[in-house]
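The structure appears right after this line, and notes come after that.
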Amino acid sequence: MLIVSALAIAIQAGVPILTWGPPGVGKTATINMLAAKLNLPLEVVLASIREPADFSGLPVIREHGVNMEPPAWAWRLAQAEKGVLFLDEISTAPPAVQAALLRVVLERVVGDLSLPPGVSVVASANPPEQAVGGWDLTAPLANRFCHLYWSLDVMNWVDGMIRGWDLLDLPKLPADWEDLIPAKQNLIASFIRHRPHLLLQVPQSEEQAGKAWPSPRSWSMASRLLAAASRVQADEDVIAMLIAGCVGEGACLEFLAWSNDLDLPDPEEILANPEQLNLPERGDQAFAILLAVITAATARLTAERWTAAWSILARAAEQGKKDIAAVAAKKLAAARKPELPLPTKELREFVPLLQKGGLM
């Protein structure tokens with residue numbers, strides 16, 4: 001199932017996930033199997049029967065003041081240094097409990113205890129109309145999750161009933177997967193520069209505000225998931241599911257259509273041959289190309305690549321893209337190593353900007 005691959009990627013990437021679906025479709029069972037397959041301890045917390053203090057901590061008087069003591073499940077995850085915190089039936093949690101969950105979901109802080117980076121947060125919910133005493137999620141809590149929607153595949157269910165349930169061929173993120181994050185952040189930044197109205201769109205209705213919608217935070221989560229999914233060469237439908245789960249379907253479709261239309265060249269080829277740079281007329285394409293080149297150069301910065309990158313920015317300015325090149329120039333200048341000389345000729349166009357930004 002696509003959603004299982006999406007879940008596996010998100011858990012390993014450390015992005016909070018909320019799975020939506022009717023009762024009885026296997027959300028909880030799948031999370032249990034996923035945690036076991038990934039060799040991660042699992043702590044299940046039923047949000048509907050908890051109090052706010054179960055997440056914000058119970059006040060305990062000590063000699064030096066009052067500590068907000070976390071519950072036992074949080075200590076167990078901290079001691080294991082990895083695991084999955086599974087918040088079941090989160091849509092039945094009242095607003096006061098949802099407020100207490102804000103730091104737990106985003107920062108993995110329970111009371112005065114910070115959970116290790118190896119702990120991922122997964123939640124599940126039935127639609128409010130199908131949940132006993134269900135509530136719409138508050139907008140601040142909903143925007144902290146990537147929302148995935150469970151669909152029941154009849155043939156997969158039949159196959160599982162006959163052969164048994166198992167999760168095969170789960171994507172495993174390699175140790176260096178985070179190296180891709182800067183490139184994906186630049187891609188999304190290029191898109192938002194082209195479609196600025198999609199940076200933040202808070203829905204007007206409470207129902208929609210409790211689902212996925214674009215914000216600076218959700219775009220940041222999308223860049224992380226895009227890097228992870230790209231690193232394991234995930235199916236395009238899985239990538240679309242993860243991005244839509246962060247920023248909503250409409251913004252996701254616009255982003256994917258835009259990025260598929262970019263046809264970006266290999267930044268390493270441009271760095272190897274700066275004199276052959278010929279930027280397209282489209283400003284968004286040119287911006288994405290220059291950011292990709294500078295990101296590649298700064299990821300492995302040598303004297304040769306430093307000089308080539310400035311040559312590329314100078315050529316971009318000569319081709320009428322000075323404003324676009326200036327943004328990339330700030331990023332390149334900030335990455336300078338002490339032993340790298342400033343290329344006077346190529347810098348000429350950008351000196352006032354860099355001096356104003358304190359980079360020269």
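Given R₀ = 35 Å, what would the calculated FRET efficiency be for Val154 paired with Val202, taking r from the Cβ atoms and rounding to 0.05? It comes out at approximately 0.40.
If the segment from Ala257 to Lys345 were pulled out straight at 0.36 nm per residue, it would be longer than the present Cα-Cα gap by 27.8 nm. Here the spin labels are modelled as points 7 Å beyond Cα on the Cα-Cβ line, and at Asp266 and Arg62 they lie 5.6 nm apart. Using the average count of surrounding beta-carbon atoms within 10 Å as a protection proxy, the listed peptides 288-294, 200-206 rank, highest first, as 288-294, 200-206. Here r is the Cβ-Cβ distance between Ala175 and Ala80 and R0 is 22 Å; the resulting FRET efficiency, rounded to 0.05, is 0.65.
Counting only helical runs of four or more DSSP H residues, what would the 222 nm mean residue ellipticity of the chain come to if each run contributes -39,500 (n - 2.57) and the total is spread over all its residues? Value at 222 nm, helices only: -15000 deg cm²/dmol.
For the chain, a Gaussian network of Cα nodes joined below 10 Å ranks Val110, Val121, Val158 by mean-square fluctuation, and the top entry is Val158. May I ask for the Rg/Rh ratio of the stretch 1-166, computed from Cα atoms with Rh as the Kirkwood radius, given to two decimals? Rg/Rh: 1.00. Principal-axis analysis of the Cα atoms of the chain puts helix 154-163 at an angle of about 60° to the longest axis.
In the chain, the alpha-carbon atoms span a convex hull of 178 Å³ per residue. For the stretch 111-219, the list of trypsin sites (Lys or Arg not before Pro) that fall in a loop by DSSP and count at most 16 other C-beta atoms within 10 angstrom reads Lys172. Computed over the Cα atoms of the stretch 249-355, the ratio of the radius of gyration to the Kirkwood radius (Rg/Rh) comes to 1.00. The angle separating the long axis of helix 27-37 from the principal Cα axis of greatest extent in the chain is about 70 degrees.
The charge dipole of the stretch 1-166, taken about its Cα centre with unit charges on the Cβ atoms of Lys, Arg (+1), Asp and Glu (-1) only, comes to about 260 debye. Estimated from the Cβ-Cβ distance and a Förster radius of 45 angstrom, the FRET efficiency linking Leu2 and Asn273 is about 0.65. For the stretch 258-336, the set of chymotrypsin sites (Phe, Trp or Tyr not before Pro) satisfying both a DSSP loop assignment and a count of at most 11 other C-beta atoms within 10 Å is empty.
When you count the other C-beta atoms within 10 angstrom of each residue and take the mean per peptide, 86-92, 150-156, 251-257, 39-45 line up highest first as 86-92, 251-257, 39-45, 150-156. Spin-label model, Leu167 to Ala72: label points 7 Å out along the Cα-to-beta-carbon direction sit 2.6 nm apart. Taking 7 Å steps out from each Cα toward its Cβ at Glu51 and Thr28 produces label points 2.4 nm apart.
Read-outs throughout are calculated quantities, based only on the coordinates presented, and are distinct from any laboratory measurement. Since this is a predicted model, take the numbers as computed values, not measurements. Ideal geometry is used to build each Cβ from the backbone, glycine not excepted, and the neighbour counts take in all protein chains shown.
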